[in-house]
Amino acid sequence: MSGKIYLYPVWVRLWHGLNAILIILLILSGVSMQYTDPANPFIRFDIAVKMHNISGIILSVNYIVFILGTFMTPNGKYYKIAMKGLTQRLIKQFTYYTFGIFKHEKPPFPISKDSKFNPLQQFTYVGAMFVLVPIVIITGWALLYPELVLTKIMGGSGLKFNDFIHVIIGFFVSFFMFVHIYFCTIGATFISNFRSMVTGFHESH
Amino acid sequence: MIFQSTRMTWNIRVRFSLAFCILLMSAFAITAQNKPKEETKKFNENCLKCHGQSKYKYVNPESGAEVTKRMYLETIINRNEFYDSNHKTFKCTDCHSEDYDTFPHPGRLRMEAKYACIDCHGGDEAYAKFKFEQIETEFQASVHSTKHSDDFNCWMCHNPHTYKINARSEEKIKDIVAYDNAICLNCHADITKYQMLTDKVNPNILKTHAWLPNQALHFKNVRCIECHARTNDSILVAHNIQPKAKAVHRCVECHSTNSILMASLYKYKVQEGRSKAGFYNGVIMNEGYVIGANRNYYLGLISLIMFGCVITGILIHGSLRIIKRKK
């Protein structure tokens, strides 16, 4: 069966597009600052700092848009994880990605109007959007206003603790982005999921 | 066998006790050496009874009346600061003329030449490790010396009545920064003192550093000389203050694994060999975090391995999908 379902309203597509651009800018500037090399800078340090700060501020505003949109529109239902049988569903989806997909099996949790994400997607998206991104935003703002950070946390430097959390979580966000982009190629066609985020219509297998 | 073991333990105890006693005596000797003698303090009181406070009294020999006068601010010596300074063991007359014991002081003493650091510390083996000669050369090359000739001397920054060695201490870096920056701000944030040497208007430091991100954080955590002095590998504290145009403006000079802070602010701690396992420029981590300069080798390695695994996984999965699709 093949068909098109309208799954991505305009605000989701705009939010997602902006979020994608900002995350890419943040990763590039973040990596450039972390692995800065005075002789061969990937991005000049002061430019990277500005790029990172501005992108981070816009990302924070964009995150508020996401939160408002998610809780004020039906979009929120896609992020509600049913805990019952979660492990089995995750295993089933994982098994499909590791074996079933190569045997041309049908996806165990087909995309529908009521279920935009498969269990693995739902689990990782909730983790990324409600755990990783808020942490990276909070620690990022703390880096912008370091005087607000607790000077001591568990006997160690609060600033250092904050910075390491920001860098580590930032790494996991970039990790997520790579995997996310790859899994988007698993659609009706190689580019159908990317097209969906432009047209708003999900194309089924 | 048991006897031999007991004797060995006894020997170790005796040796340990002896070493401990020697250590303790040395510590006492060093402490005593660094404390001003009561005799010196008593002698200095002859001067400090007037110069140690904001006013002084004397009896006018003509009228016989007791007169109270305000002490000129520049000649007030704070006892606490002096006895906490590097020169705390000194008698006033070690540096000043003994003729000061008469009052009123003879007018010619106003012309008394003041000693510069090199006059006492130069060529002295006891101070060789401080490399005063090199500091002098560096200072002579600095804008402080070239722009102001002899008007600018060591005293401008290192008042011998109060100066306390700072960089070679185990104090908190932030305290060292605050102490050292106060030396610069003493003139650069005080128009009256600044204009003692120049007719120029003292620039507003906050405005001239407006380009610096997180300005307050930088001011609290690094010394002015980190950016304004040329580092010299052979001396601990750079004294060659550079013209404004040559000040460090590139963030990466500090924010990189090859951070200049390791050759300046953290030099003493680096020399002391303190390091944190796995961290680039680990000594900076004791009290702060400098983006780009503080990376953890192991975390970097783990992230690289994880990243490699993800890319490999994606490549294998993607290739298999393509192969299976063709079939």
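Rule-based calculations on the coordinates, nothing more; no lab input. Remember, it's a predicted structure, so these values are computed and weren't measured experimentally. Virtual Cβ from ideal backbone geometry, glycine too; neighbours counted across all protein chains shown.
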**Message:** Using only Cα atoms and rounding to the nearest 10 degrees, what angle (0 to 90) does helix A:45-72 make with the longest principal axis of chain A?
**Reply:** 40
**Request:** Within 10 Å of each residue's Cβ, count the other Cβ atoms and sort A:141, A:15 from fewest upward.
**Result:** A:141, A:15
**Asked** Using r as the Cβ-Cβ distance of residue B:103 and residue A:64, and R0 as 56 Å, what FRET efficiency do you calculate, to the nearest 0.05?
**Response** 0.15
**Residue with peak Gaussian network fluctuation, chain A [Cα springs, cutoff 10 Å], from A:52, A:104, A:180** = A:104
**Asked** If you take all C-alpha pairs in chain A, what percent of them are over 22 Å apart?
**Response** 57
**Asked** Whose amide H sits under 5 Å from the amide H of residue A:202, counting only residues 5 or more places off or on another chain, with H placed in the peptide plane?
**Response** A:5, A:6, A:7, A:8
**Burial ordering of A:61, A:179, fewest other beta-carbon atoms within 10 Å first** = A:61, A:179
**Request:** Can you bin the stretch B:89-136 into rounded, prolate or oblate? Criterion: square roots of the alpha carbon gyration tensor eigenvalues sorted a ≥ b ≥ c, rounded for a/c under 1.5, prolate for a/b above b/c, oblate for the rest.
**Result:** prolate
**Request:** With a point put 7 Å past each Cα toward its Cβ, work out how far residue B:297 is from residue A:40 in nm, to one decimal.
**Result:** 2.1
**Prompt:** In degrees between 0 and 90, to the nearest 10, how far off the longest principal axis of chain A does helix A:158-183 point, with axes built from Cα atoms?
**Reply:** 30
**Request:** May I ask you to list the residues of the stretch A:61-87 whose amide nitrogen lies under 13 Å from a point 7 Å from Cα along the Cα→beta-carbon direction of residue A:18?
**Result:** A:61-69
**Item:** Relative exposure of A:164, A:99, A:42, judged by other C-beta atoms within 10 Å (fewest first)
**Value:** A:99, A:42, A:164
**Request:** Please build a GNM for chain A, connecting alpha carbons under 10 Å apart, and tell me which residue among A:158, A:140, A:30 fluctuates the most.
**Result:** A:158
**Request:** Report the FRET efficiency, 1/(1 + (r/R0)^6), for residue B:56 and residue B:230, where r is their Cβ-Cβ distance and R0 is 30 Å, rounded to 0.05.
**Result:** 0.10
**Complete:** Taking only the Cα positions of the stretch B:37-97, the convex hull volume per residue in Å³ is 105
**Gyration tensor (alpha-carbon) shape descriptor, the stretch A:86-201, a/c threshold 1.5** = prolate
**Asked** How far, in degrees from 0 to 90, does helix A:10-34 lean away from the longest principal axis of the Cα atoms of chain A, to the nearest 10?
**Response** 40
**Request:** Report, in whole Å, the centroid distance computed from the Cα atoms of the stretch A:93-146 and the stretch B:166-235.
**Result:** 50
**Message:** Through the Karplus equation 6.51 cos²θ - 1.76 cosθ + 1.60, θ set to phi - 60°, convert the phi angles of the stretch B:97-102 into ³J(HN,Hα) values in whole Hz; use x for Gly and Pro.
**Reply:** 4, 6, 5, 5, 6, 9
**Message:** Can you compute the FRET efficiency between residue B:184 and residue B:95 using 1/(1 + (r/R0)^6), with r the Cβ-Cβ distance and R0 = 25 Å? Round to the nearest 0.05.
**Reply:** 0.50
